[in-house]
Amino acid sequence: MELSEEDLRLVNTLQISPRISWSDAGDVLGVHATTLASRWERLKGAGAAWTTAHLMGDPKDMCLAMVDIDCEMHLRPDVTSAVAQLPEVITVEEAASNRDLTLTVITRDLGQFSTEVLPKLKEIRGLTKYHTSLCTRIHTSGYAWRLNVLSKAEQQAIRALAGAESTQSTHDAPVLPLPENHLALIPFLARDGRATAAEIARALGRNPATVQRQLGRVLNSRMLSFRCEVAQQFSGFPITVQWFANVPAGEHQAAATEMRAIRNVRFAASTTGRTNFTMIMWLRSLADVMEMELTIQQRIPGIELVESVVMLNTAKRVGWMLNPDSTATGTVVAPYGELLPAGI
């Protein structure tokens, strides 16, 4: 399938405000609410776009680790499948470099990562080696990436309707702890970032008014990052590249400001390990890699680009299992819940 201009405009709207009402979105886009709802169901059904919520991963409140994996060549598909089933492993990518897989892992704290996740990795048959870098500051993430097909005025109108929701930031207020019974809502929001209190109450067998209050508390907790994803093949930017770099101490914030000005950036963070700064971008072609490296060095004169890694395939992105063509399978491995198949 191909995405029409109207499809892309809808995705861009939900990127800015994943939970906007169809009537509000329709007012800005000049389209009837029922038409937008129908269009969205078609996009979701094809795995071309989806909304989700995932743990924010702010290092002030949680532990975000990036793990490079080596595995036996003939067992790589089995290892990929096994690591993707771990709810703490939110993203799994196959790399064209000196590591076979790269994982993004979010846990409550470093202790959980060390005592619960690493032992599970060691048990996976065919996984021969891993190397871990820990995130010390997230500068920008996938929720901020935009298609930019809407006009400036339309984007501003959507942001105005969304309010604080459209300006998610890991540097805002700290995460508010949630009672145990509230955590049961998270898998449903991972499966559908637009899930309503009524839908969740029905699935959990809880009182709708109670779930409405609980949902409000979850949404205000700062624990979750909401986003609208689009299958990469439809984004216009089919190539994923990650750079590992060193930035002089004290210049990370300035470097982050420059990186946020580059529209291709999907993720930028300060890290521990062999390098202290990493960034992930979506590019139009492999030819853009060298041009982007020049752009980075011009914007951040003190940066040392140590390694660039092209991703061959994304098996899982922020909890969602993907097909080889980058569309969503409909299966979600969510935190605080069992694996959720399509339709739940």
Identify, by number, the condition in (1) buried (at least 16 other Cβ atoms within 10 Å of the Cβ); (2) assigned to a helix (DSSP H, G or I) that ASP61 doesn't meet. (2)
Give the stretch 214-244 a look and list any residue that's farther than 18 Å from LEU185 by Cα, of a type in the set (A, V, I, L, M, F, W, C), part of a strand (DSSP E or B) and touching a Gly at 6+ places or on another chain (Cβ under 8 Å), or say none. CYS228
If I filter the stretch 105-116 for residues that are of a type in the set (Asp, Glu), outside any strand (DSSP E or B) and either surrounded by fewer than 17 Cβ atoms within 10 Å (Cβ to Cβ) or within 17 Å of the chain's Cα centre (by Cα) (or both), do I get at least one hit? yes
Quick one: which of ASN323, ASN246 is among the polar types (S, T, N, Q) and touching an Asp or Glu at 6+ places or on another chain (Cβ under 6 Å)? ASN246
Would you confirm, using the coordinates I've provided, whether THR80 is closer than 18 Å to ASP58 by Cβ and among the polar types (S, T, N, Q)? no
The condition from (1) within 19 Å of MET62 (Cβ to Cβ); (2) modelled with pLDDT under 95 that LEU339 misses is numbered (1)
Here is a list: PRO77, PRO59. Which entry is under 30 Å from THR132 (Cα atoms) and without any contact (Cβ under 8 Å) to a residue 12 or more places away in the chain? PRO77
Return the only residue of ALA82, ALA95 being at pLDDT 95 or above, in a strand (DSSP E or B) and not charged (D, E, K, R). ALA95
Candidate set: the stretch 119-150, residues that are in contact with a Phe, Trp or Tyr (Cβ under 8 Å, 6 or more places away or on another chain) and not in a strand (DSSP E or B); chosen: the one nearest to LYS60 (Cα to Cα): SER141
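The values are calculated or read from the model by the stated rules, or taken from the named source; none is laboratory data. Just so we're clear, the structure is a prediction, and the values are computed from it rather than from any experiment. We place every Cβ from the backbone using ideal geometry, glycine too, and count neighbours over all the protein chains shown.
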